[in-house]
Amino acid sequence: LKLEPSSNGCAKPDDTGIVRRIHSRMTVSHLKMLARRLFKLPPRVSFDLVAQGERHQAINAELPMDAETREVGFYNLEDGDVIYLRLR
């Protein structure tokens, strides 16, 4: 999976994102904690995670990862899928 900031995200414009392998048993809350560390976000910044798979890009559909107790495997993500970090 590729974790990258959205166009209005917090990273520099030339930043292409971070590529990490994520275990399907990882919870969304742990993924948010990982994203916070990787992008060096302060605790007061709140953000959402939104997944977009290759099969969803054709119809421009996104899956909000808003249930923090769910595992990443629930969203049926595959290699090459992208998770966007969106600031609130």
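If you scan region 65-88, which residues turn out to be in a strand (DSSP E or B) and either touching a Lys or Arg at 6+ places or on another chain (Cβ under 9 Å) or under 18 Å from VAL19 (Cβ atoms) (or both)? GLU71, VAL82, ILE83, TYR84, LEU85 - these are the residues of region 65-88 that are in a strand (DSSP E or B) and either touching a Lys or Arg at 6+ places or on another chain (Cβ under 9 Å) or under 18 Å from VAL19 (Cβ atoms) (or both). Residue under question is ARG55, and the condition is that it be among the basic types (Lys, Arg), modelled with pLDDT under 85 and not in a loop (DSSP other than H, G, I, E, B); does it hold? Yes: the conditions hold for ARG55.
Pairing each residue of region 28-48 that is farther than 18 Å from GLY17 by Cα with any residue that is hydroxyl-bearing (Ser, Thr, Tyr), provided the two are 6+ apart or on different chains, yields C-beta distances under 9 Å for VAL28/THR69; VAL28/TYR75; SER29/THR69.
The values are calculated or read from the model by the stated rules, or taken from the named source; none is laboratory data. It should be emphasised that the depicted structure is a prediction, and the values quoted were computed from it without experimental measurement. All Cβ positions, even for glycine, are placed from backbone atoms using ideal geometry, and neighbour counts span all protein chains on display.
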